[in-house]
Amino acid sequence: MVKKIKNLKEFSLSNDRFEGANLMCPGCSHNIIVREVLNATDDPVIVATATGCLEVCTAVYPKTSWDVSWIHIGFENAAVAAATVSAAYEVMKKKGKLPPATQKMVDEGKEPKIVAFAGDGGTYDIGFQSLSGAFERGHNFMYVCLDNEVYANTGGQRSSSTPIGASTTTSPAGSVSYGEKMMKKSMVEIMADHGAPYVAQVSPSKWKDLVKKVQKGFEVYGPVYINAQSACTTEWKHAPEDTIEVSDLGVDSCVWPLYEIINERDEHGIIYSTKLNITYRPKKKIPVEEYLAAQPRFRHLFKPENRHIIDLWQKAVDARWEYLQRREEAGV
Amino acid sequence: MAKKYELNEVEVWDGNMAAAHALRQAQVDILAAYPITPSTPIVQNYSKFLADGYVDGEFIMVESEHSAMSGCVAASAAGVRAATATSSQGFALMVEVLYQASGMRLPIVLTVVNRALAAPLNVNGDHSDMYLGRDAGWINLCSYNPQEAYDLTLMAFKIGEDLNVRLPVMVHQDGFICSHTAQNVRPLQDEEAQEFVGEYKPVNSMLDVANPVTHGVQTEEDWHFEHKARQHHDLMNSVSVIKKVFAEFKDRTGREYDLVYTYKMDDADVAIFALGTTVESAQIAADQMREKGIKAGVVSLRVFRPFPFNEVAEALSNVKAIAAMDRSAPGGTFGALFNEISASLMAHGKKPVVLNYIYGLGGRDTTINMLKEVYEDLDKCAKAGEAVVPLQQFIGLRGPKLSFY
């Protein structure tokens, strides 16, 4: 059942099923994203979370910040956890053995939404196998990657989501290094190529866009991947109060383009149409430099000997933005 | 509703088929598995049962054993009956999640077809995988033949799911010698088996959306110790439930199980203590030794964890010399059975000679003659009243003899 949301005030006053009483850093985007995802629906929600900031800050015995059923198993298995809860739900529904309160909700058209949350370490790296397997098998669940481009929970090590030039604790900038050497992995396209019915990239600063995409994801049957930009005050080293501004800089510079990929299938499961839609176009595309300048993790790039990395960044972002526009135009 | 599988009074099943039928009869809701020799036929057989309408639940062929056990953990937390099967490297890949399954108190059943661990890669039977998981906080049941693999798998559900236990259970059988050797098995009919195992009783089900529950919390130095202590407490105390379930099973089938298995131990002077299919070979060797006037017996475990500390000492109380047979590379010390049997005897004030034999690694055949030689060693020690052979010997090994101490 799609929830109707009129405005931000109403949205922000939704009954929280994820409590603000948790141990996350002030200014952390994870909190904002998780609230936005859970508030996108009034249906029951069941959550699986990978080991990471979100997990260690929200379920420290004997307390919990979760007012929904929640499970954490390990770092690398949030996808299979959510997928198997989904399978268990379907088996019990088929057998007519759902708990009575759940059955009542289902009868009212409120199917439980099963959501996995994991960081980029648990998604791009150690959890990738489990994620790929669960998507290939086609389970009905949503996977949200809280992408802060670093292993924040373990103290800021590089992941395969860390962008080039970022200084992390395992790719530090130094007298002979500009920091991280590799480009960020293209997770959105990789997940779309699994044939998932719906894949999207979102930013917590564009809450309407995020909520609309999450609602679309809840409406399709099958695995849904949402890549959420999660500015990290601790590891991106910006001030806590600048989280939304940094997020906006990412979106308006097209470093973090907002788009969706829809794979439509026929009744045999054959994909007959793949469409990429850009869901937000900056009125004025700002230079990447402004985005980088807002985050001390890139501070060293502004030294003369590292300026070429900023040029490289701009080229890479432009090429990618061009690519997305071409795909959108071609309807593929 | 799943179809009833027409079974004969006596079926000819190998260990894998026996385990697969037990899983089918338990009407597992989620079976998440990944293939690995020699346990693969369990999930193949199960898939065929599903394809032919004999199973109502779901079989999820995941992309690794890590995901197989993770899937079982999630399904069990979701409030449904979950099980899987594995061996060797697959078991090793599961280890992280084995600890999570027991720590989260989820009554998953894992049928383990025991196989060596690489390197070198080897597909044949030994107990390396069983030993790898022995501290994982699971109940471990041991079978020696397909009948027992079937019986113990059915009982595993009833033991693990008991509300006073709520712990996962492994059922072990030897790779190939049990898993791939067809023997007579007397199964229960489907309705009898289902009545015995009973309906699954969900606890803290994630699917009950009216009662949200948080599974898999974090605890640090303030609470972790208490959680692990409680888990150990309940694992140690599961003995009473295990005995109760064994008794109920005996009432239903006439087949008797106990924590410790003994053969001709009433008057035995010397005993072989082993696990798995070697137990049956040792019985033949014991009979042949008795023809030569040596009072030989055999002892084994049905329940490797919780370790039946008192019962082991009791079974060995009048023996003069014992061979603790460990089918796993001991990695720089004595084998686990040697250590645990010795501790049990010492605590009970008994001082027989205890020898440690490492045997059968990677599926090396262990013959009746080899076991008779072990009894000869034991007889010499029993007569001398002390160890007159090395304390640790590798048997069935090519090249020069290997022994220590």
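Derivation of every value follows stated rules applied to the coordinates shown; laboratory data play no part. As the structure is a prediction and not an experimental result, all values here were calculated from the model. Cβ: placed from backbone, ideal geometry, glycine included. Neighbour counts: every protein chain shown.
Listing for the model above:
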{"read-out": "Sites matching trypsin sites (Lys or Arg not before Pro) across region B:237-326 that sit in DSSP coil, with at most 14 neighbouring C-beta atoms within 10 Å", "value": "B:ARG255, B:LYS292"}
{"read-out": "Where only C-alpha atoms are counted, convex hull volume of region B:157-222 per residue in Å³", "value": "184 Å³"}
{"read-out": "Inter-chain Cβ neighbour average for residues B:61-73, partner chain, 10 Å", "value": "6"}
{"read-out": "Cleavage-rule hits, GluC sites (Glu not before Pro), region A:242-332, DSSP coil, Cβ neighbours within 10 Å at most 10", "value": "A:GLU267"}
{"read-out": "Summed residue charge, Cβ within 10 Å of A:GLU180's Cβ, Lys/Arg positive, Asp/Glu negative", "value": "+3"}
{"read-out": "Amide proton proximity set for A:VAL202, modelled H, under 5 Å, gap of 5+", "value": "A:ASN227, A:ALA228, A:GLN229"}
{"read-out": "B:THR111 long-range amide H proximity, modeled H, under 5 Å", "value": "B:THR84, B:ALA85, B:THR86, B:VAL171"}
{"read-out": "Normalised convex hull volume, region A:127-261, alpha-carbon set, Å³ per residue", "value": "110 Å³"}
{"read-out": "Cα-based equivalent ellipsoid, chain B: semi-axes from gyration tensor eigenvalues, Å", "value": "36, 23, 20"}
{"read-out": "Region B:261-399: relative contact order in percent, alpha carbon pairs under 8 Å with at least 6 residues between", "value": "28 percent"}
{"read-out": "Shielding by other protein chains, A:117-130, mean Cβ within 10 Å", "value": "1"}
{"read-out": "Counting DSSP beta bridges with both ends in region B:278-405, the antiparallel % (nearest 5)", "value": "25 percent"}
{"read-out": "Directionally averaged projected area (convex hull, Cα atoms, region A:1-61), nm²", "value": "4.8 nm²"}
{"read-out": "Positive minus negative residues near B:ILE368 (Lys, Arg vs Asp, Glu; Cβ under 14 Å)", "value": "-3"}
{"read-out": "Two-decimal Rg/Rh across the protein assembly as shown, once Rg and the Kirkwood Rh are taken from alpha-carbon atoms", "value": "1.05"}
{"read-out": "Three-way shape label, region B:262-404, alpha-carbon gyration tensor, a/c 1.5", "value": "rounded"}
{"read-out": "Rel. contact order, % - alpha carbon contacts under 8 angstrom, at least six apart, region A:73-210", "value": "20 percent"}
{"read-out": "Within region A:182-240, trypsin sites (Lys or Arg not before Pro) in DSSP loop having at most 15 other beta-carbon neighbours inside 10 Å", "value": "A:LYS237"}
{"read-out": "Amide H partners (placed H, <5 Å) of A:ALA48, local residues excluded", "value": "A:ILE71, A:VAL115, A:ALA116, A:PHE117"}
{"read-out": "Projected area averaged over orientations for region A:8-330, convex hull of C-alpha atoms, nm²", "value": "17.1 nm²"}
{"read-out": "Most fluctuating residue given options B:LEU361, B:LEU121, B:LEU154, as computed from a GNM of chain B linking Cα atoms under 10 Å", "value": "B:LEU121"}
{"read-out": "10 Å Cβ neighbours from other chains, averaged over peptide B:319-325", "value": "0"}
{"read-out": "Radius 13 Å from Cβ of B:ALA156, net charge of other residues (Lys, Arg +1; Asp, Glu -1)", "value": "0"}
{"read-out": "Potential extension, B:LEU397-B:THR367 segment - 0.36 nm per residue separation minus Cα distance", "value": "9.6 nm"}
{"read-out": "0 to 90° range, to nearest 10: angle between helix B:368-384 axis and chain B longest Cα axis", "value": "60 degrees"}
{"read-out": "Listed residues A:CYS254, A:CYS57, A:CYS145, most fluctuating in chain A (Gaussian network, C-alpha, under 10 Å)", "value": "A:CYS57"}
{"read-out": "GNM top mover of A:SER69, A:SER253, A:SER159 - chain A, alpha-carbon springs below 10 Å", "value": "A:SER69"}
{"read-out": "Relative contact order of chain A, pairs being alpha-carbon contacts under 8 Å that are 6 or more residues apart, as %", "value": "15 percent"}
{"read-out": "Zero-based 5 Å bins, Cα pair distances in region B:1-152, whole percents", "value": "2, 10, 20, 23, 22, 14, 7, 3, 0, 0"}
{"read-out": "Rounded to whole Hz, the Karplus (6.51, -1.76, 1.60) HN-Hα couplings of region B:274-282, x for glycine and proline", "value": "9, 10, x, 5, 4, 4, 5, 5, 5"}
